[in-house]
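These notes are about the structure you will find just below.
The values are calculated or read from the model by the stated rules, or taken from the named source; none is laboratory data. Keep in mind that this is a model prediction, so the values were computed, not measured. Every residue, glycine as well, gets a Cβ built from its backbone with ideal geometry; the counts of neighbours run over all protein chains shown. SASA here: full protein model, heavy atoms, side chains in, ligands and nucleic acids out. Shrake-Rupley method; radii C 1.70, N 1.55, O 1.52, S 1.80 Å.
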Amino acid sequence: MNTIVAPVAVVLGAPLLGALLSLTSNHTRFLRGLNLVTMSALLVSVLAIVHDVLSQGPVTTLWGLVYLDALSAFILLIIIVIGCTASLYSWAYLADHLKRGVIAPGQPRLFWCLFHLFLFAMIVATIANSLGVLWVAMEGTTLATAFLISFFRTREGFEAGWKYLIICSVGIALALFGTVLTYYSSVHILGDVSAALNVTTLQKVAGQLDPQVLKLAFIFVLVGYGTKVGLAPMHSWLPEAYSEAPAPVVAMLAGVLETVAVYALLRTKSIMDPALPEHYTGNLLVLIGLLSFVVAAFFILIQHGYKRLFAYSSIEHMGIAIVGFGVGGTTGIFGGLFHLLNHALAKSLAFFSAGNIHRRFGSLEIKDVRGLVTVQPVTAVALLVAGLALVGMPPFSLFLSEV
């Protein structure tokens with residue numbers, strides 16, 4: 001257990017330190033170097049955490065505040081891998097917008113500060129031992145990303161950021177109510193107010209919790225965190241936010257934030273399942289997953305913008321993953337987790353390509369993009385690979401996880 005303390009401390013401290021130091025300078029080399037050091041430290045530390053969890057099993061550390069098992073280690077790895085790629089892509093992306101006068105000279109340091117805070121909030125959500133801290137961290141992601149979505153300070157960007165803030169705040173409020181109901185149920189069993197929301201404590205008494213209270217609690221949690229996932233019918237913020245946000249931010253939203261929100265659902269579900277009737281949570285997940293899949297499929301057919309097209313693709317793929325978790329069993333859970341990983345990799349590549357296209361053609365409309373293979377051959381190949389993967393074509397891994 002002692003061996004994991006240092007990497008956990010780095011994982012928590014590095015993004016916070018990166019956020020604070022980013023505000024001290026506008027110098028491009030300093031900001032890039034700081035980001036490189038931060039992300040390198042995070043990657044090395046996460047690999048150490050994954051190794052320790054796989055060798056030791058579930059670990060509780062830092063005075064019981066941090067809980068790590070195979071699920072949280074897996075999600076943590078996705079966060080850092082996509083975070084590293086998004087940060088590296090941001091170097092040239094921000095430099096190009098700064099050169100063309102799209103952003104002011106002082107904005108890059110604000111971007112990196114919010115970027116690191118966004119990472120920190122998602123990391124805390126993934127490793128927190130308390131469902132209450134998990135909720136606070138999810139709310140923290142909302143605050144950080146609201147400013148990142150409106151980073152370009154356009155009217156459309158402010159509208160998208162405001163819509164995202166309002167809808168996700170309502171969703172998070174519902175998730176809070178579900179968490180409070182869980183707390184109410186656990187206090188009657190434990191009597192220990194301080195540990196009533198700890199994951200390690202709840203796992204020991206999960207079968208004794210009040211099923212009637214938990215039935216209602218899970219519905220609130222599903223709708224609340226499902227809003228962050230972008231599940232239908234709570235998905236209306238997602239197309240506008242993905243269209244207006246900077247490309248590396250959208251890659252993080254689609255590849256990482258949605259995944260962390262799914263983690264919040266799964267963590268809650270694992271605690272409630274022993275007390276609830278069999279298939280109760282699973283049936284609800286299958287229902288909302290199929291609804292998201294069907295809604296997204298229809299909207300995909302009528303999109304004229306490539307970023308909105310990818311946005312509805314995210315809703316579809318999250319629906320597929322949620323159906324897998326709802327079906328459950330070894331195959332369903334493995335398929336759902338594998339799909340989250342595959343989607344994160346393919347969708348981040350798709351939005352990196354979309355960012356290059358937008359910078360070159362200056363339009364988000366599909367009809368305005370012509371001759372991409374000639375103008376940007378590498379981007380065209382990347383977009384083709386991402387597109388084939390997202391539609392589930394073999395031999396890409398999304399085909400396997402969908403099956």
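So that you can scan it fast, the table gives a plain yes or no per residue for (1) within 19 Å of VAL250 (Cβ to Cβ); (2) out of contact with any Gly (no Cβ under 9 Å at 6 or more places or on another chain):
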{"position": "LEU165", "(1), (2)": "yes, yes"}
{"position": "ALA173", "(1), (2)": "no, no"}
{"position": "SER186", "(1), (2)": "no, yes"}
{"position": "ALA206", "(1), (2)": "no, yes"}
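From the list ILE49, ILE80, pick out the single residue that is of a type outside the set (S, T, N, Q) and touching a strand residue (DSSP E or B) at 6+ places or on another chain (Cβ under 7 Å).
ILE49
Just one of (1) aromatic (Phe, Trp, Tyr); (2) closer than 22 Å to GLY226 by Cα; (3) surrounded by 17 or more Cβ atoms within 10 Å (Cβ to Cβ) trips up TYR306, so point out which.
Condition (2) is where TYR306 drops out.
Tell me which of these VAL59 doesn't satisfy, since it passes every other one: (1) open to solvent by less than 10 Å² (accessible area, probe 1.4 Å); (2) closer than 23 Å to PHE352 by Cα; (3) more than 21 Å from the chain's Cα centre (by Cα).
Every condition holds for VAL59 apart from (2).
Against the definition (among the aromatic types (Phe, Trp, Tyr), crowded, with 22+ Cβ neighbours inside 10 Å, over 25 Å from ILE357 (Cβ atoms) and more than 16 Å from the chain's Cα centre (by Cα)), how does PHE325 come out, yes or no?
yes
Looking only at residues that are of a type in the set (Val, Ile, Thr) and modelled with pLDDT of 95 or more in the stretch 81-114, which one is farthest from ARG359 (Cα to Cα)?
So the residue we want is VAL81.
Looking at this structure, is ALA196 more than 30 Å from VAL250 (Cβ to Cβ), of a type in the set (Gly, Ala, Ser), open to solvent by less than 30 Å² (accessible area, probe 1.4 Å) and modelled with pLDDT of 95 or more?
So ALA196 does not fit the description; no.
Filter the stretch 245-266 for residues that are part of a helix (DSSP H, G or I), open to solvent by less than 10 Å² (accessible area, probe 1.4 Å), farther than 16 Å from LEU77 by Cα and of a type outside the set (Gly, Ala, Ser) and give the result.
PRO248, VAL249, VAL250, LEU265, listed by residue number.
Pull up the stretch 149-189, narrow it to residues that are in a helix (DSSP H, G or I) and among the hydroxyl-bearing types (Ser, Thr, Tyr), then point me to the one that is nearest to LEU114 (Cα to Cα).
Restricting to residues being in a helix (DSSP H, G or I) and among the hydroxyl-bearing types (Ser, Thr, Tyr), the top hit is TYR164.
Let's see how each residue does on (1) in a helix (DSSP H, G or I); (2) open to solvent by less than 60 Å² (accessible area, probe 1.4 Å); (3) among the aliphatic types (A, V, I, L, M):
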residue: ILE357; (1), (2), (3): yes, yes, yes
residue: LYS367; (1), (2), (3): yes, no, no
residue: ARG370; (1), (2), (3): no, no, no
residue: VAL373; (1), (2), (3): yes, no, yes
residue: ALA380; (1), (2), (3): yes, yes, yes
residue: ALA386; (1), (2), (3): yes, yes, yes
residue: ALA389; (1), (2), (3): yes, yes, yes
residue: PHE399; (1), (2), (3): yes, no, no
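Could you check the stretch 223-242 and list, in sequence order, the residues that are in a helix (DSSP H, G or I) and open to solvent by less than 10 Å² (accessible area, probe 1.4 Å)? Don't jump to the end; show me each part of the working.
Let us first name the residues in the stretch 223-242 that are in a helix (DSSP H, G or I), namely 223-229, 237-242.
Of everything in the stretch 223-242, those that are in a helix (DSSP H, G or I) and open to solvent by less than 10 Å² (accessible area, probe 1.4 Å) turn out to be GLY224, TYR225, GLY226, THR227, LYS228, VAL229, TRP237, LEU238, PRO239, ALA241, TYR242.
How many residues are outside any helix (DSSP H, G or I) and either of a type in the set (D, E, K, R) or over 24 Å from HIS188 (Cα atoms) (or both) when one looks only at the stretch 207-222?
Counting residues in the stretch 207-222 that are outside any helix (DSSP H, G or I) and either of a type in the set (D, E, K, R) or over 24 Å from HIS188 (Cα atoms) (or both) gives 1.
Do the conditions hold for SER270, that is, is it open to solvent by 30 Å² or more (accessible area, probe 1.4 Å) and polar (S, T, N, Q)? Lay out the reasoning, then the answer.
Working: open to solvent by 30 Å² or more (accessible area, probe 1.4 Å): yes; polar (S, T, N, Q): yes.
Answer is yes for this residue.
Please state which of the following conditions VAL11 fails to meet, knowing it meets all the rest: (1) modelled with pLDDT under 95; (2) buried (at least 19 other Cβ atoms within 10 Å of the Cβ); (3) β-branched (Val, Ile, Thr).
(1)
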